[in-house]
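To keep things clear, I will list the structure first and then write my remarks on it.
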Amino acid sequence: MTEAILQQRSGNQNHAPQDAPHSVHKIGGTSMSAVDTVLDNIVVGGREAAELYNRVFVVSAYSGMTDLLLEHKKTGEPGVYALYSGSENEWAWGDALTRMAAAMRDKNREVLEDPADIALADRFVEERVEGVRSCLMDLRRLCSFGHFKLPEHLLTVREMLSGIGEAHSAHNLTLALKRRGVNAVFVDLTGWRETGSSKLDERIAEAFEPLDLARQLPIVTGYAQCEEGLVGLYGRGYSEITFSRIAVNSGAAEATIHKEFHLSSADPKLVGAEAVKPIAETNYDVADQLSNMGMEAIHPSAAKGLRQARIPLRIMNTFEPEDPGAMIRGDLEATAPAVEMITGLKSVYAFEFFEQDMVGVKGYDAAILETLKRHKARIVTKTSNANTITHFLKGSAKAVKRVEQDLNERFPSASISSRNVALISIIGRDLRLPGLGARVLTALAEAGVEPLGFNDLLRKVDMQVIVEEGDHDACIRALHKALIEEAGEDSQELSSLSAAA
């Protein structure tokens, strides 16, 4: 959608002028599963009449549903896609699809109350699931002929399966809102039964052109079928890309992501709920560092669009709607240097490539990067010296092993090894604190944690410590206490002294 579409709406006699600013909201899968909370705390609450509108809601699939459709995000347990793409059992994927349909029907009864709504939701699930089943069977038959190869179509299959979960949750939320008297509109971007293809922005424009945001409440699928291929490009972060593009292209005044937690200085399960400090405001630079550490406030590609369009992003806790949440803006600089967050990653592979002949020779780094990309090993960070390049990777053990094998074949004289470590990141808009590195090492020494490595970058927005995997929790607790809790106590003491003076 372009800004011209909004101008067209204002001049269209069928629509009232839309002078009021609108906001775009994204609801995550865990929040979506608590439908009453979503309705009471986010979508409806105490709003009436016009207060209900000038908002757009982009929804994820219910928690766990995408795991059944694709594969379990953490354990790797195969879902429909994994069984279809890799199993020799022709019916294993079909049985998984049947189980997934049953889970969807169970969810219908969990989140909907009216029998008529449940019947509509069940018919919707049956149409989508049986349509997909028929399509996948036809594709199998087609690929039994030598001219057609199944691997060439698997990414499209993954895209199609992803869309089922998003459509299911969006359709149900629309039904629930209509039952409450809200003029909700189901906006299906999944391309179901559509013969044409379009770019993401074009698909959004076409879907939103007839809508009147002042009188209708769009409930939009987080997955959008488009020529770019969202799942292939962004993995499971595709719903945030859709959310971002809708906000940017519609000229939203604000974008909000509703999660099941507050954006805080650390994981409260590790450092204690009483010790963490809520983040009231920060910038997109910090959000990018969090994303790199797997603690996504927002997908970095989604953040890029919002940042360029100068749209502020708010992160709110679904279960505490009275809290204003954390505001993220591109132009928000720190008022003073400070550590804002401590976070970490376990099960990181320290992949070390040592080659004595590397000194002064180019090409080694490029070869390693090409191999890592081919095997889809994600780089968290890297270090290097004259003859050693170490990448810190997230990925499967199998992928890392294949990288090692490929590089050993290409560079037989190199010494290549990998080991599991934990990577801890100290993050802030401005980390130009005197003696910060010394304070970090002192805190770790007092906690009995021996660092394996230490990265202090010139941009001063994050500082990284590499430790043994078993020291992950202790390292975060020690650094949070020294750099955030005690720093806060020092600030309070200085404020008290200033007030007394």
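Only one of the numbered conditions (1) in contact with a Pro (Cβ under 6 Å, 6 or more places away or on another chain); (2) open to solvent by less than 40 Å² (accessible area, probe 1.4 Å) is not met by A253, and that is (2). If you filter region 188-246 down to residues that are open to solvent by 20 Å² or more (accessible area, probe 1.4 Å), under 15 Å from the mean Cα position of the chain (by Cα) and of a type in the set (D, E, K, R), you find that the one that is nearest to R47 (Cα to Cα) is R245. For region 434-479, the set of residues classified as touching an Asp or Glu at 6+ places or on another chain (Cβ under 6 Å) and free of Cβ contacts under 8 Å to residues at least 60 places away in the same chain consists of G437, V449, M463, listed by residue number.
Of the helices (runs of 4 or more DSSP H) lying entirely inside region 201-317, those containing at least 2 residues that are under 17 Å from D331 (Cα atoms) span 284-292, 300-308. Scanning region 349-387 for residues that are part of a helix (DSSP H, G or I) and open to solvent by less than 20 Å² (accessible area, probe 1.4 Å) yields M358, A367, I368, T371, L372. Here region 406-439 is the region considered, the condition is being open to solvent by 10 Å² or more (accessible area, probe 1.4 Å) and hydroxyl-bearing (S, T, Y), and the residue that is nearest to the chain's Cα centre (by Cα) is S418.
A search for C-beta distances below 6 Å between a residue of region 19-48 that is under 18 Å from I241 (Cα atoms) and any residue that is of a type in the set (A, V, I, L, M, F, W, C) and assigned to a helix (DSSP H, G or I), counting only pairs 6+ apart in sequence or on different chains, returns V24/I246; V24/A247; K26/F243. Can you report the number of residues in region 318-348 which are assigned to a loop (DSSP other than H, G, I, E, B), within 18 Å of S23 (Cα to Cα) and either in contact with a His (Cβ under 6 Å, 6 or more places away or on another chain) or touching a residue at least 60 places away in the same chain (Cβ under 8 Å) (or both)? Residues flagged as assigned to a loop (DSSP other than H, G, I, E, B), within 18 Å of S23 (Cα to Cα) and either in contact with a His (Cβ under 6 Å, 6 or more places away or on another chain) or touching a residue at least 60 places away in the same chain (Cβ under 8 Å) (or both) within region 318-348 amount to 4. Across region 447-491, the qualifying residues are those that are of a type in the set (S, T, N, Q) and surrounded by fewer than 16 Cβ atoms within 10 Å (Cβ to Cβ), and the one among them that is farthest from A287 (Cα to Cα) is S491. Within region 44-94, the set of residues being of a type in the set (G, A, S) and part of a loop (DSSP other than H, G, I, E, B) comprises G45, G46, S60, A61, S63, G64, G76, G79, S87. The residue that is farthest from F454 (Cα to Cα), counting only those in region 388-402 that are outside any helix (DSSP H, G or I) and either at pLDDT 90 or above or among the hydroxyl-bearing types (S, T, Y) (or both), is S396. Across region 459-479, the number of residues qualifying as in contact with a helix residue (DSSP H, G or I) (Cβ under 8 Å, 6 or more places away or on another chain), part of a strand (DSSP E or B) and within 20 Å of R419 (Cβ to Cβ) comes to 2. Among the residues in region 52-59, are any out of contact with any His (no Cβ under 9 Å at 6 or more places or on another chain) and open to solvent by 20 Å² or more (accessible area, probe 1.4 Å)? Looking through region 52-59, none of the residues is out of contact with any His (no Cβ under 9 Å at 6 or more places or on another chain) and open to solvent by 20 Å² or more (accessible area, probe 1.4 Å). Restricting attention to region 19-49, the residues being buried (at least 22 other Cβ atoms within 10 Å of the Cβ), of a type in the set (G, A, S) and farther than 23 Å from A253 by Cβ number 1.
Of A176, A170, all but one fail to be touching a strand residue (DSSP E or B) at 6+ places or on another chain (Cβ under 8 Å), in a helix (DSSP H, G or I) and within 28 Å of A121 (Cβ to Cβ); the exception is A170. Being open to solvent by 50 Å² or more (accessible area, probe 1.4 Å) and polar (S, T, N, Q) is a property that does not hold for T174.
The values are calculated or read from the model by the stated rules, or taken from the named source; none is laboratory data. None of these values were measured; they are calculated from a predicted model. Because the Cβ atoms are built from the backbone with ideal geometry, glycine has one as well, and the counts that use them run over all protein chains shown. When the accessible area is computed, the model is the full protein with side chains, heavy atoms only, and any ligands, DNA or RNA have been set aside. Shrake-Rupley method; radii C 1.70, N 1.55, O 1.52, S 1.80 Å.
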